[in-house]
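The structure under discussion appears below in the form of C-alpha cells.
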Amino acid sequence: MNFLNLCVQISFILIGISLILVFFRILVGPSNEDRIVALDLFTANGIAFFSVYSLFYMNNIFIDIGLIMALIAFLGTIAYAYYLERRLLK
Amino acid sequence: MIEYLSGIFILTGSLLILISAIGILKMPDLFTRMSATTKASTLGVSLTLIGVSLTWLDISTFTKSITIIIFLFLTAPVAAHAIGRAGYFDKVKLWEKTLVNELKDKYDENTHKLN
C-alpha cells in the first residue's frame, strides 16, 4: 500500500463523516434557510467525494460529475432563496 | 515525488471539509453557520481537486478541475448573499449574544428596499 492509496482511504473516511454531519443539519435545521445552506454544503462535499473516487476507481470520467453538481447546486440554491424572499413580498 | 504532494493536498482538503461540517453543526446561528461553510468548504474542495488533478497530470482533467474551482469561487459568495438576504427578511432568530445589527430599521418590510 503506497502513500497515495493511504491518503485516499483516509480522505474517504473524513469526507464520509462530514457528509453524515451535514445530513444531520438538514434533518434538524430549525429554519428552512439552514436546510438550504446545508444542502449547498452537501453538494460541495459530493464534488470532493467524487473527485477522490476517481482516484480510487482509476477512471477520470468521474470529474465530470463534479462539474454538473456544481452547476445544479448553484441554480437550486438561488431558486430556493429567491422563492423564500419573494414569498414575503406584499 | 508528485505522489506525496498530491496526497498532502488531498488530506488537507478533506480536513478543511470536515472542519466546515463541524462548523455547520456547532455554530449557534444561521449567519455564523454560513460564514463557516462558504469559506472552509470552498478552499477544501479546491485543494482536493488540485490534488486529484496533480495525480492524473492530464490536460483534460486539469481543465475540468480549474473550471470547477473558478465556478465555485464565483458562485459561493452569490449563493451565500441570496440565502442571507432571504433569511434576514424571513426574520431568522439571531444569536442571543449578537451585539451589532446594523440593518435594523433600515429596510422597508413590505417592499424589501432600503429606506
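Just so you know, all these numbers are worked out from the coordinates, no wet-lab data involved. Since we're looking at a predicted model, the values are computed, not measured. Cβ sites come from the backbone with ideal geometry, for glycine too, and all protein chains shown count toward neighbours.
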Peptide B:73-86, shielding by other chains (average Cβ, 10 Å cutoff): 5
Charge dipole magnitude, Cβ of K and R +1, D and E -1 - the protein assembly as shown, Cα centre, debye nearest 20: 460 debye
Relative contact order, percent, chain A [alpha-carbon distance under 8 Å, six or more residues apart]: 25 percent
Shielding by other protein chains, A:11-21, mean Cβ within 10 Å: 6
Whole-number D in µm² s⁻¹ for segment A:3-86, Kirkwood Cα-pair radius fed into Stokes-Einstein, 10 °C, 1.306 mPa s: 114 µm²/s
Using a Förster distance of 30 Å, the FRET efficiency for B:T63-B:E3 (Cβ separation, nearest 0.05): 0.85
Dipole of chain A, positive end: most advanced residue of A:N60, A:L19, A:A81 [Cβ charges, Cα centre]: A:A81
Charge-dipole axis of the protein assembly as shown as Lys and Arg at +1 and Asp and Glu at -1 on Cβ define it, positive-most pick from A:P30, B:G44, B:A76: A:P30
Test item: Cα-centred dipole of chain A, Lys/Arg +1 and Asp/Glu -1 on Cβ, debye: 260 debye
Computed magnitude of the charge dipole of segment B:2-89 (debye, nearest 20; Cβ of K, R +1, Cβ of D, E -1): 300 debye
